[in-house]
Amino acid sequence: MPRGLAALIGVLAVGAALGAGHVVAGLVSPSSSPYLAVGDTVIRFSPQWLTEFAKTTFGTADKPVLLGGMAVVIALVAAAAGIASRRNPGPGVAVVVVLGVLGFLAVLFVPVFAPLDLVAPLASLLAGVLVFRFLHGLALRTYAAAAAGPSGGPAVSRRGVLIGSSAAVGVGALAAGAGGLFLGRGIEDSRAQVTARLAALTGVQRAPAIPAGADYAAELGTTRFVTPNPDFYRIDVALRIPTRSAADWRLRIHGMVDNEMTLTFDDLLRRPLVEKTITMMCVSNEVGGPLISTANFIGVSLRDILLEAGVRPGAQQVFTTSIDGWTAGTPTDVIMEPGRHALLAVGMNGEALPPEHGFPVRMVVPGLYGFVSATKWIADMELTTFDARQPYWLQRGWAQQAPIKTQSRIDSPRGFSTVPAGKVAIAGIAWSQPTGISKVEVRMDGGPWRVADLATEVSGDTWRMWRTEFDLAPGSHTVQTRATDRNGRTQTEMRADPIPDGATGWPATIFNVS
Ligand SMILES: Nc1nc2c(c(=O)[nH]1)N[C@H]1C(S)=C(S)[C@@H](COP(=O)(O)O)O[C@H]1N2
Ligand SMILES: [Mo]
């Protein structure tokens, strides 16, 4: 058979395998899609330089890039397998089986594994082998018949069957893949119920309304004080968002505690609920970067829960594990500070947590970078020593202690933009959770520092907006800022990379006046 057809059969068979795996996973256990499990495994075993490269090069597009790259590699392997099988199906079947077994192993070794998870990779393996044998046999017969005799009649109809079957497999594989995605969204009902329950709760201690003067979004089009959920930055290593319903959610609290406990979602809603406005941020944020957002989180005081559990002396860290097996270690003494407002959060900006932000329950600790505190899809909480357990990012070279560093960002003018000469508004944000910002200074073209106007403060747990104005002549200009916190500490000029405990340095924006 022709090379092109042989390659196509390889690709179709593997496509059918992936599609079948994805749709069966969607039906029985959304976290067991072999394709996504392989992606997770790649992330888990990637060397640190590679994950850093991916994060800095592709940012939040790193997951689509990984999945797309995997698709290209798998398609090339499948095409090669098809071409190697022009006469005899042996090599092709062998490659399809090897790919299937890899998917199988990836699912088997996910951090949280259930026997039901094996159904999807098995279906995938079976579909791959069957489709390959079927299309390959059909193609061989078609070309053997064409070679055998001048009476092309049967060969033509065989060719029709071959084209029809190939098209059907291709469409079926795509539909199955898409169907799997759709089935994976099975927590929307549970989310809608939680949103309704949160709205109906009467005892919630609501966050004060954000004062009108807290941002300059209306006048200057700069960052809004509260980030709408769809715009909230997202960082995690989960290719498959866990889909546990609120009814099935449990949190086990154990280790160095007097009273081990297991909490249900209803247990949380029966407790006093508070709403806090909190600015969260990622340690990977570069100076001037976008990985910072603010939301009104509704939750239960984590300190109160731990007081009830009875933390034993020497329990240095609260080691949390998510449903998908990611881990974080939070210093116990930080969570236990009475004014810290560490939360087990169930709501975000008036609705249930969005799936990608940790539904049904996540942790939020003001003043700590997310990787040491903000466990999404939380499932387990162990009180332990720092030596006993190493969380995910600590194993990859990041720090154990990671308080958020005092920083500022220039939002307007945009870098390399052109603005009209005359009075030019300079504006941005500054943060130093949980201390708060007392001063932001701005300087133009290396000139003297000038104190900017600060917007109304919401709390130390949030960012604070600032603005000022410079009279500028045409030409290229560079503006710089530095923030000072309420303890009188000014952000350092020293440039540091995000790894291991957060970037530092004064932000600078170059822009043009005409
Ligand atoms: N389960 C899980 N939780 C996680 C992570 C993760 O990879 N998995 N990443 C953490 C990191 S590094 C950050 S910065 C915050 C980001 O939370 P967000 O995506 O809601 O903004 O989540 C934290 N919680
Ligand atoms: Mo992060």
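The values are calculated or read from the model by the stated rules, or taken from the named source; none is laboratory data. Quick caveat, the model's predicted, so the values are computed rather than measured. Note that we place each Cβ from the backbone using ideal geometry, even for glycine, and neighbour counts take in every protein chain shown.
For region 203-241, name all the residues that are within 14 Å of ligand 1 (Cβ to nearest atom) and of a type in the set (S, T, N, Q).
Thr227, Asn229
Select from region 264-281 the residues that are in contact (Cβ under 8 Å) with a residue 60 or more places away in the chain and more than 25 Å from the chain's Cα centre (by Cα) and list them in ascending order.
Leu269, Pro272, Leu273, Val274
Out of Ala427, Ala399, I need the residue that is surrounded by fewer than 18 Cβ atoms within 10 Å (Cβ to Cβ), in contact with a helix residue (DSSP H, G or I) (Cβ under 9 Å, 6 or more places away or on another chain), small (Gly, Ala, Ser) and modelled with pLDDT of 95 or more. Which one?
Ala399
Per-residue answers, yes or no, for (1) under 16 Å from the mean Cα position of the chain (by Cα); (2) surrounded by fewer than 24 Cβ atoms within 10 Å (Cβ to Cβ); (3) not in a helix (DSSP H, G or I):
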position	(1), (2), (3)
Gly21	no, no, no
Ala37	yes, no, no
Arg44	yes, yes, no
Lys55	yes, yes, no
Pro64	yes, yes, no
Leu76	no, yes, no
Ala80	no, yes, no
Asn88	no, yes, yes
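If the requirement is being at pLDDT below 95, under 30 Å from Ala199 (Cβ atoms) and within 16 Å of ligand 1 (Cβ to nearest atom), which of these qualifies: Pro360, Pro355? First the steps, then the outcome.
Working: Pro360 fails: at pLDDT below 95.
None of the other options fit; the residue is Pro355.
Scan the helices (runs of 4 or more DSSP H) fully inside region 142-247 and keep the ones with 2 or more residues being at pLDDT below 85.
So the answer is 153-183, 188-200.
Given Arg443, Arg414, Arg467, Arg482, which one is of a type in the set (Lys, Arg) and either assigned to a loop (DSSP other than H, G, I, E, B) or within 16 Å of ligand 1 (Cβ to nearest atom) (or both)?
None of the others qualify; the one that does is Arg414.
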